[in-house]
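The values are calculated or read from the model by the stated rules, or taken from the named source; none is laboratory data. All values derive from a computational prediction rather than experimental measurement. Positions of Cβ are backbone-derived with ideal geometry, glycine not excepted, and every protein chain shown enters the neighbour counts. We work out accessible area using only protein heavy atoms, side chains counted, and drop any ligands, DNA or RNA first. Shrake-Rupley method; radii C 1.70, N 1.55, O 1.52, S 1.80 Å.
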Amino acid sequence: MDRFWPNLVDGSVLRPISPLDSVPSYFLSGRCAVGMRLVQLYVPHGERDSIVATLDAEGVDFGITEETGDGNFEAIASIPVAPKAVDPLLSRLRSAGLHRDSYVVVLAAETIVAGREADPADRFEGARISRDELRARAEELAPALSTFLALLVLSTVIATAGLLTNSAATIIGAMVVAPLMGPALAASVGVVVDDQALASRGVVLQGLGLVAAVATAALVGWLLRGTVLLPPGFDVTGVPEVRERITPTVLSLFLALGSGAAAVVSLTRNVGSVLVGVAIAVALVPPAATAGLGIAWGHPTVILTAGTLVLVNLLAINLTALLLLWFSGYRPHGPTDLGRTVRTVLSRTVVILVAISLLTVVLAGVSYGTYQVSAVEHDVDEELAAMSEDGAFDELRFHEVEVAYELHDVYADRDPAVTVLVERPPGEEVPSDFADAVRERLEAATGTELSVAVELVDTQRSG
């Protein structure tokens, strides 16, 4: 008994074929391709012949089904290809005359069984998805405004609690909730594919998100300040997790740059989006929350340093994503659109680079000031240890109690104030200029003028 198979070149007729020997090999083979795409092209009236000729010239497998509806299409072409072949194939079809507004659907095919020795799409290099699929993914990752703000506010509340309790685990947990990867990618994808609405949406979501994060942290800090939930005299700048965000260095840029690059790889290859989203959130939410806490506690230095860090990270993520997408080959379809997009990419890149350069001056200043503070503290510790071993001081033992020297003191040209605890045997006297002698030793070691206070303690040690 004969069986009937649709003609894969023009599905307008059915032809009888013998049971097995004439069945196309890909219906019988056990070879398969995973992660393929099925491109369904709705062929407008009058364009069928040119589309068939182009597909034949490309050497891809395809089937054409007659369209019997009342629409504007005369047929539907189904084309199974590898993800990397979708964009070149659609470009070839458009170059051959396919109308720009033609209806194209790209479906993810989990597995395609085929008997070909090699997929014709293997001649296409790279592993990136098509520009249309890229745009669709970027739109999907950028949620509705209400959803975005709700998730970001919740993430900021959790992150603020983590900062105040010095809990790194809580902060990282909050980052899983933060939906910041989508807007950052949407802004860059919209630029390279000439979708101004998508680009604007990404920029607006990022701006509103950071304002909401700072405001939320400021409100939480203001509500908790002075309550039983925080110890009396609580100093927000003394918390290590907060201090890490108010003493940023130029090296902080590497987290943002790496996160932006990883986000593009994740988007174009559909891998690891959750983990990359966490990395982006870590670069943005904790410093934004720290700036909010600076507002709640009235610390201008905290606001300046943490605010600078979050802005630099935001710009670096967007710059990396934009450039990596562009150099990956994503472009708009038409030559007119391409010229406009090139100008947009160049202008946006220049603006971001100038902004990063200006803000990096602040980071460089923070890096220098932090180094100066750490150097003074280190040199004081080393010299006091040496003085304890120096026979010139008999049995006296020197310990650092405090080095009062902060970042703002470096640029205000204030001298460090050092408090030294000196242990002495009971009844032993010290010279009247003893504090001056200690100060001179410490100034020689640090190369900095100091204000030194000496606390003398009579000490007895057993054994």
State whether the residues of the stretch 218-225 include one that is within 16 Å of V310 (Cα to Cα) and in a helix (DSSP H, G or I).
yes
Condition set exposed (fewer than 14 other Cβ atoms within 10 Å of the Cβ) and more than 18 Å from A316 (Cα to Cα), scope the stretch 238-252, selection modelled with the highest pLDDT: answer is P240
Just to be sure, is V211 aliphatic (A, V, I, L, M), part of a helix (DSSP H, G or I) and surrounded by 20 or more Cβ atoms within 10 Å (Cβ to Cβ)?
no
The condition from (1) surrounded by fewer than 14 Cβ atoms within 10 Å (Cβ to Cβ); (2) in contact with a Phe, Trp or Tyr (Cβ under 8 Å, 6 or more places away or on another chain) that V420 misses is numbered (1)
Meets criteria (open to solvent by 50 Å² or more (accessible area, probe 1.4 Å) and at pLDDT 65 or above) for E133
no
Filter the stretch 147-183 for residues that are hydroxyl-bearing (S, T, Y) and under 27 Å from D235 (Cβ atoms); which is most open to solvent (accessible area, probe 1.4 Å)?
T165
Only unsatisfied item for L315, checking (1) open to solvent by less than 20 Å² (accessible area, probe 1.4 Å); (2) within 30 Å of D87 (Cβ to Cβ); (3) in contact with a Leu (Cβ under 8 Å, 6 or more places away or on another chain), is (1)
Mind listing whichever residues of the stretch 271-300 are surrounded by fewer than 24 Cβ atoms within 10 Å (Cβ to Cβ) and either within 15 Å of V214 (Cα to Cα) or modelled with pLDDT of 90 or more (or both)?
V282, I295, A296, W297, G298, H299, P300
Mind telling me which of the residues A283, A288, A296 ends up being small (G, A, S), free of Cβ contacts under 8 Å to residues at least 40 places away in the same chain, on the phi < 0 side of the Ramachandran plot and out of contact with any Pro (no Cβ under 7 Å at 6 or more places or on another chain)?
A283
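If you go through the stretch 157-193 one residue at a time, how many are part of a loop (DSSP other than H, G, I, E, B) and either of a type in the set (D, E) or within 19 Å of I246 (Cα to Cα) (or both)?
3
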